[in-house]
Every structure is written in structure tokens, then in C-alpha cells.
Amino acid sequence: MTTRAPYYRLIFGLAALYNFAFGLWAGLAPYAFFDLFHLRRPLYPSIWGCLGMVVGTYGLGYAYAALRLERARPLIAIGLVGKVLGPIGWVLAVRSGEWPVRTFTLVLFNDIVWWLPFALFLLDGTRLGARLRGAAGPACGGLNALAVLAIAVLLRPGTEVVPDPVARMNYIAGHPYLWRAGWGLWIVAAISLLAFYAWWGASLPRTAWALAGFVVAICGATCDLLAESLFIGWLPERMEEIQRLGTILTGGAANGLYTVAGVLLTLQTTSLRGPFRIWTWTVWAAGCALTATTLAASVTGMAVATAVLMALFCLWAWMMGRRLR
């Protein structure tokens, strides 16, 4: 676990900061969550504030886990159980009509994004954990390929490729489950990319630069997941406002940060040689093109750049995984 320890410490440290921040937010401004998601304010806001205190207390456990990895397993196991139960409660609340789907952003960042790193830590040192880490490259390439397929088959009629906003709204309203499933697959692909970057960085000798690349990738994933949660929860309502914001977050900010992270890791990977090194830099060039066309609001440019990037990246990630392994 020696090479992976800095990544676990970083993840658990971020979990602690998130819980502290959420606890303060809920405790000091108990109405803020309900106003943000356009929910009716509760009659007894102190209940929400108390929940914030409980969540903040979990942050103490994650902070201790970051400092003492050798004693962290029970704390992380308890945390993982809570983060599995959270989405189950959310599904029940949505099914009963108490909460709208747009609150998915909360459960995504509170719970779902932590499943994989917490589980990998608990499996570290086992054969299953080793196999999962070894599959990081192929899994990332395969899941991103499936996500591209979802764009073509499930999501395209609701995206900005279709110029008529009314047609987009009608498609999303008429196919809500397909729409949400498609973006759910993109969420899985984004998390797999983050795991791949962590695995790649842990294989490099210079820990500081590798961690820096991983931190940049985390910032990109935050933008990416926020955008996808907005697409899942807020569309087709507020179509023009939310869709453009989401496009900038995912195609502009997230993709740009992923590219910077990839460049940092590539510069530290001295084993890359010949045609494969050229292929690697071509991937990052395509990433830069996608960011540029997104910020320029060129729908055609975004479509072409996305196609080129994903055609290059998916097989590259699979090959990179095999080379590093």
C-alpha cells in the first residue's frame, strides 16, 4: 500500500473537509439546502441542522483515517455502509414524492462518489483489490466507450446538437429514464477516469507531481459530475440556462482539467516511447480542441472534437493500462 497511501490520505482528507463543510452549511443555514433545490422550507429546521452536525461528526472519523491509515478500516467500513444507505433512502424519498429528482446532486456528492475509493481501500491487500486496480485502464476505456455509445443512442436528441430547444425538451420529457440512464453511465465513466489517473499516478516515482495531476483530475471530475447531475435532475426545466452551464462545466472545465492532469502525468512517465508517446500527446491535443470548441460555443466543433477525442482515448486507456501493469 506504500505507493497508494498518499492517494488514500488525500481522499479521506477530502471526505473530512466535505463533511465538515456540509455540517457547517446545514447547521448554520438550515434553510439553504431547501432554497437551493426549490423545496418547501421545513417547519422544524433544527432537524436538518442536527443532521448536519451528525454528518460533520463523520468528518472527524475521516480525518483520523487520513492520518492513521493502519487503523482506518473500521471507520471507512462504517462510512461506506452509510454512503450505501444514503442513496437507498433518497430513492425512497423520490418515489414517495417527498423529494424531486433534482436533489440527485446531493446524494451524488454525499455518497456515490465515495463508493469506489472506500471499497478499494477496504480491499487493499487482497487478490480482488489487486485485480480491480489492474483493470483500471481497460475499465476506464471500456466505460468511456459505452458512454460515447450512450451519447449516440440515448442522449443525442436531447443535446445541443439538435438546434430546436423545444424538440430537445420534448425528447427529454418523453424519455426520462433513458435520459437519466445515459448520463448515469457518463458519471460511472468519469469516476473510472479518476480511478485510472490515481492508479497511473501511484505507478510513478515522483509522488508530488503525480498527486498534483490527481488533484487537478479531481477538480475536473467535480465539474463533470456536477454537470451530469444537473442534466439528470433539472432538465427539461430551465433548459437553456442549465444545459449551456452543464456543457461548459463538462466539455470546457472538466475536459480541460482532465487534459492538464493527463499532461502532468505524461511528463512524469518516462517509459513512454515512439508511436505510443505520439498517440498519448495526440489524445491531449484532442482534449484541448474540445475545450476550445466548447468555450467558443461551436456545436459542430464540439461534436467533431468529442468524436476524435473518444476514438483516440478509449483504446489508448486500455493500452496504457496494459503497459503500466
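Please state which one of 171, 177 is within 21 Å of the chain's Cα centre (by Cα) and not β-branched (Val, Ile, Thr).
So the residue among 171, 177 that is within 21 Å of the chain's Cα centre (by Cα) and not β-branched (Val, Ile, Thr) is 177.
Here's the yes/no breakdown for (1) over 14 Å from the mean Cα position of the chain (by Cα); (2) more than 30 Å from residue 2 (Cβ to Cβ):
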| position | (1), (2) |
| --- | --- |
| 154 | yes, yes |
| 162 | yes, yes |
| 186 | no, yes |
| 204 | yes, no |
| 230 | no, yes |
| 234 | yes, yes |
| 243 | yes, yes |
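Can we say residue 81 is of a type in the set (A, V, I, L, M), closer than 20 Å to residue 120 by Cβ and either more than 24 Å from the chain's Cα centre (by Cα) or surrounded by fewer than 16 Cβ atoms within 10 Å (Cβ to Cβ) (or both)?
yes
Please specify each residue of the stretch 244-278 satisfying the condition of being open to solvent by 60 Å² or more (accessible area, probe 1.4 Å) and farther than 29 Å from residue 184 by Cα.
Passing the criteria: 267, 270, 271, 273, 275, 277, 278.
I'm told residue 99 meets every condition in (1) without any contact (Cβ under 8 Å) to a residue 40 or more places away in the chain; (2) outside any helix (DSSP H, G or I); (3) among the aromatic types (Phe, Trp, Tyr) except one. Can you identify the failing condition by its number?
(1)
Give the residues of the stretch 50-96 that are assigned to a loop (DSSP other than H, G, I, E, B) and not basic (Lys, Arg), sorted by residue number.
Hits for the stretch 50-96 are 72, 96.
Mind listing just one residue for me: the one in the stretch 4-48 that is small (Gly, Ala, Ser) and closer than 19 Å to residue 83 by Cα and, of those, surrounded by the most Cβ atoms within 10 Å (Cβ to Cβ)?
Once the filter is applied, the top-ranked residue is 15.
The values are calculated or read from the model by the stated rules, or taken from the named source; none is laboratory data. Fair warning: this is a prediction, and the values are worked out from it, not measured in the lab. Using ideal geometry, Cβ is built from the backbone for each residue, glycine included, and neighbour counts are taken over all protein chains shown. Ligands, DNA and RNA are stripped out before the accessible areas are found, and what is left, the full protein with its side chains, is counted by its heavy atoms. Shrake-Rupley method; radii C 1.70, N 1.55, O 1.52, S 1.80 Å.
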